[in-house]
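Right, one structure below, let's go through it.
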């Protein structure tokens with residue numbers, strides 16, 4: 001499904017601030033995999049997701065989706081295969097546009113955008129049905145500016161949008177980190193529903209170890225631009241926060257740097 | 001009495017500036033880019049229209065070529081910005097300077113007369129009421145066309161590009177392409193207003209575009225103030241901008257009538273725009289009362 005082959009990304013190369021953000025990373029995802037990613041700040045989690053999404057070119061290696069090499073494809077062309085939700089709820093939607101307009105932007109992802117109306121009446125019905133399932137009362141607010149909604153509502157809509165038009169891959173970059181605990185739990189539940197219903201291959205970064213354990217069928221831990229742990233299947237089901245921390249000490253030989261990961 | 005007599009003329013010129021301001025609105029508000037090309041592309045529209053008509057062309061094809069030339073100006077700025085990575089504001093300044101030379105070359109001199117008595121122009125200051133009607137029709141058609149355009153998939157993608165670039169790219173929108181198209185469209189509209197201005201005033205002059213961007217911004221800002229809290233769709237917003245252009249020009253004529261030194265007019269225009277552009281910042285910095293709800297959330 002998704003294949004990363006020896007991906008390397010170096011920021012500020014050949015300067016004193018040189019930072020190897022991704023160090024020869026290789027990763028293969030099977031169809032329908034739900035991978036959670038944990039690791040301290042600066043471990044390379046977001047960089048990996050952005051490399052897959054094409055936010056910047058990588059310095060080495062190859063990225064393949066279903067066997068197609070997308071390494072050289074610009075970000076907006078990769079979007080055809082990839083749905084994304086960002087950490088900042090403001091990032092995933094266009095604040096000055098209506099809910100229905102935002103959704104129509106998503107439903108045309110990867111399609112040619114010509115000079116036909118962006119929204120037709122039967123589209124509205126579809127959007128209403130989709131919104132209704134979020135159970136946030138948004139189905140009657142199609143022509144509300146997204147900027148007027150709360151962070152949780154915006155993330156939920158972004159999730160819906162990311163799942164539209166059958167993406168091959170869903171990338172979630174700490175998409176609950178900016179929300180209060182109650183809203184975060186709700187958005188996570190919606191995430192789970194959407195992923196299961198659409199059988200989406202998903203990568204979810206989280207700072208919360210318990211969330212990483214509870215969700216998905218595979219867990220990877222990153223440190224200093226490398227994948228240092230990769231736990232799947234039965235072994236993952238048996239994980240606890242303690243055993244995860246212990247495994248981390250063993251593999252990296254250092255204490256887990258991030259307090260947020262411990263406390264979360 | 002003199003002032004009242006000047007009003008139809010002021011309104012007609014205001015409509016022309018209103019059309020220009022629609023061009024500014026497309027870049028400044030829809031695309032969220034400050035595009036300074038307009039000072040040049042307005043004159044390009046004037047020069048192309050005037051020269052073609054002087055060469056015996058019919059007014060309609062002459063205006064069409066003028067619009068296309070304006071779109072070409074926007075294209076250059078767009079490519080400077082996207083392909084070469086030059087900040088939008090600098091790209092516009094560079095194109096504006098290029099256009100100074102280009103416009104001189106188009107006209108072969110600093111100005112070109114286009115007297116309504118000799119040429120079959122659409123509008124002229126000699127027949128102000130006639131000009132008002134024709135210009136109003138132009139505005140209606142332009143606003144309708146743009147409204148429809150913003151409602152298409154392509155137009156929605158262009159608006160998304162201006163609203164949230166990161167999101168737009170994540171939704172598969174080629175943001176660079178849409179910026180270039182938006183800049184071309186904007187400067188095409190500006191050149192149209194230039195072509196109309198050349199006919200109305202009976203001349204094209206290399207200096208006529210100076211400060212056009214400021215007048216455009218003024219019209220956009222006045223327009224926003226006028227529509228205020230009215231329900232906003234693009235028809236209302238763009239109509240507001242055109243009315244803003246009229247208001248600007250009527251005020252302009254009035255202060256001239258009241259005997260203000262005309263040398264100071266450009267400075268005053270710029271200062272008025274500066275004050276209004278500062279309003280959002282001033283509100284945020286000095287008049288911001290944090291709401292209780294937000295405070296407790298952040299704590």
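A few comments on the model shown:
- Three-way shape label, segment A:143-225, alpha-carbon gyration tensor, a/c 1.5: oblate
- Gaussian network model of chain B, springs between alpha carbon atoms under 10 Å - residue of B:59, B:121, B:279 with greatest fluctuation: B:279
- Relative contact order (%) - criterion: Cα under 8 Å, at least six apart; region: segment A:1-138: 20
- Compared with the dominant Cα axis of chain A, that is its longest principal axis, helix A:181-198 is turned about 80°.
- Taking one quarter of the surface of the C-alpha convex hull of chain A gives a mean projected area of 14.9 nm².
- Spatial separation of Cα centroids for segment B:104-173 and segment A:144-163, in angstrom: 35
- Number of partner chain Cβ atoms within 10 Å, mean per residue of B:147-153: 4
- Choice from A:229, A:219, A:169 with maximal GNM fluctuation in chain A (Cα, 10 Å cutoff): A:229
- Separation of segment B:210-225 and segment A:173-223, taken as the distance between their Cα centroids, equals 47 angstrom.
- Anisotropy class of segment A:91-172 from Cα gyration tensor, a/c 1.5 cut: rounded
- Counting only other chain Cβ atoms within 10 Å of each residue's Cβ, the peptide B:169-182 averages 6.
- As a rough footprinting exposure proxy, the listed residues B:84, A:221, A:1 were ranked by other beta carbons within 10 Å of their own, and the order from fewest upward is B:84, A:1, A:221.
- Largest-first principal axis extents of the Cα set of the protein assembly as shown (Å): 91, 48, 47
- Cα-based helix-to-principal-axis angle, B:88-107 vs chain B, degrees rounded to 10: 10
- If you sort the three axes of the alpha carbon gyration tensor as a ≥ b ≥ c, you get a/c of 1.5 or more for segment B:48-165 and a/b no higher than b/c, which makes it oblate.
- Every Cα-Cα pair in segment B:2-262 was counted, and those over 24 Å apart are 45% of them.
- Cα centroid of segment B:29-88 to Cα centroid of segment A:105-128, whole Å: 32
- Rounded tilt (10° steps) of B:38-54 against the dominant C-alpha axis of chain B: 30
- Considering only B:161, B:152, B:77, the Gaussian network model of chain B with Cα springs below 10 Å gives its largest mean-square fluctuation to B:152.
- Peptide A:82-94 - average C-beta neighbours from other chains (10 Å radius): 3
No value in this document is a laboratory result; all are computed from the given coordinates. This is a predicted model, so every value here is computed, not measured. With ideal geometry, Cβ positions are generated from the backbone for all residues, glycine too; neighbour counts draw on all protein chains shown.
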